[in-house]
Amino acid sequence: MPVSTSPAGPARPDRPSGPGPAGPPPARADERPRSVLYLAASVYSPADPFATALLVEGDRVSWVGSHEAAQAQRGRADVVVEAPGALVTAGFVDAHAHVTEAGLAAAGLDLTDVASADELLDRVAAAAAADPGRLLLGHGWDDDAWAARGGGAGARVPSREELDRAAGGAEVLLSRVDVHSALVSSALADRAGLAGLEGAGEGALVRLRAHDVARDASRRLAPAERERAQRRGLAAAAAAGVATVTECSAPHVGSPEDLRALRALSDAGEVPEVLAYWGVLARDEAEAAAALADVEGAGVLGLAGDLCVDGSYGSRTAWLRAPYADLAGSGLPADHAGVPHLSAADVADHLVACTRAGVQGGFHVIGDAAADALVEGLLAAEARVGTAALASARHRVEHLEAPDARAVAELARLGVVASVQPAFDARWGGPDGLYARRLGTERAAAINPFADLAAAGVPLALGSDAPVTPFDPWGAVRAAAAAAPGPEGRARGLSARAAFLAHTRGGWRAARRDGEGVLVPGALATLAVWEVGDLVVQAADARVSSWSTDPRSGVPGLPDLSEGAAAPRCLRLLRAGRVLHDTGDLAA
């Protein structure tokens, strides 16, 4: 894509120099605000569906319009960026992520592509030999995928003895792809005191309480180690065009110190903004106040995020109404239907406490029985605080993969925001995917009803759950738009435009910061410049061509997200006018 940058006033650099996510130096008191005029193929703005140019002055968007009208704005610009093939959009908001975990996973042993227990052990042995005695962290193995490749109902996971031999006796924690279970060596199990804890079992695989304790023991980081991991995670988000990351923390995921460190990085302005939640149960206002006091200084928006009503499908801890469909060979009882972590009464108490404390409450909800508990808790809370108070609090629910029609209607009525992960559906959905194996094809076909939620009026926000899936906002938009029909051919997917808005404005709305995430005059200049192919408009009627380049639609175009189309590439990301990421393609 041809691009050029030309000075149009006092010359100042338009991007940071040197490596890392540093931004331009702050302006001196005697300098006028730095201004950059972008001339692109399109600017996605509700102010003008045909906009192709945008002026940033200081930390704000000051003007949006056409190339022709932009000629009158050149005199106000210090720098003119000419990118005739580029798309400019608001920066994405990832509505559910774990920054420190994503940074640790990026630096650890990548197990996402291993195909068997034996291959995993070979990777561990090679890593242990290269750095003997050091704590070995890895992420991403998926025994369900191993079973699918082998055509069997189950797959062997390494025994504790095999893992100990491969690691040479070192401490090892290898998290499963869903981060709800892990393989743990004897050395780490002994140090952490896993014996006798729920989920410890007898082998290397640990779940539930044993998993949480083992992960905590492996995450006791020195401040410098924590900062490196957090910067690594935030840099990955910025490179993907994510300007704002919603950290869904909890005691089993992170710590108050972790959240405060993230807040300090965020406040410095050189990385994506962090919106923080702390997943601790509060049964009354006093407990809510105490929980918030524990994370004072972290800018926590509410007691929400990974406050788990249940677990995950992959680890068979999601709470279901009926047993799992693939229990043969799993070592679990024939009637196993997951593991409830909170009851409907817990949900109600927490929502009442948060509503009265004036903060958002929220929960991690996966299975259909967990969704039932959520709804019963919401209704009980409504009876105690009233509909208006409960709805105005704008409580959150994370994941929400299996709500039925009643749940969808009640969530919409009570103003609950759903933070969903379409990448899960793309990765584990379909007739041959993990969902179908765990639940059976009929139950699996009904989960992730994105269209039903949107049609009912449930506000949606999109996220990655990084490191479970990577920061990839356009991939999430594509997955939401490409979701296969559900039972009786009912649509499950969103339009690409609705998905895009859920991943930008929707993420801000989920944090109760309405009005952000759009490029209009006066808005913060938090934006991304993308290298794209054709800009198209998705048709609403599936009987005709799904995509159109006809400008007469009067709708701002988006990248072609149909199968086989090249993914957009983030050339530059700004947060309030400050450059967080730059590939160099827009440089002078």
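Since every read-out is calculated from the coordinates, none of them should be taken as a lab result. If you're wondering where the values come from, they're calculated on a predicted model, not measured in any experiment. With ideal geometry, Cβ positions are generated from the backbone for all residues, glycine too; neighbour counts draw on all protein chains shown.
Below is a table of values for the structure above.
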| read-out | value |
| --- | --- |
| Förster radius 56 Å - calculated FRET efficiency between THR441 and ARG283, Cβ distance, rounded to 0.05 | 0.90 |
| Of SER116, LEU136, ALA210, farthest towards positive along the dipole that unit charges on Lys, Arg, Asp, Glu beta carbons give region 111-218 | ALA210 |
| ARG34 long-range amide H proximity, modeled H, under 5 Å | GLY58 |
| Vicinal HN-Hα couplings computed from phi for region 423-437 (Karplus, 6.51 cos²θ - 1.76 cosθ + 1.60; Hz; Gly/Pro x) | 4, 4, 5, 5, 7, 10, x, x, x, 10, x, 4, 4, 5, 6 |
| Anisotropy class of region 117-196 from Cα gyration tensor, a/c 1.5 cut | prolate |
| Long-range HN-HN contacts of LEU275 with modeled amide H, under 5 Å | VAL245, THR246, GLU247 |
| For LEU571, residues with placed amide H under 5 Å, excluding near neighbours | VAL529, TRP530, GLU531 |
| Nearest-ten-degree value, helix 223-239 long axis tilted from longest Cα axis of the chain | 60 degrees |
| Relative contact order [Cα under 8 Å, 6+ residues apart], the chain, whole percent | 17 percent |
| Positive dipole terminus of the chain, leading residue within ILE447, HIS180, SER255 (C-beta point charges) | SER255 |
| Rel. contact order, % - alpha carbon contacts under 8 angstrom, at least six apart, region 111-218 | 24 percent |
| Of (1) 39, 28, 25; (2) 47, 31, 20; (3) 48, 28, 20, the label for semi-axes √(5λ) of the Cα gyration tensor in Å derived from the coordinates | (1) |
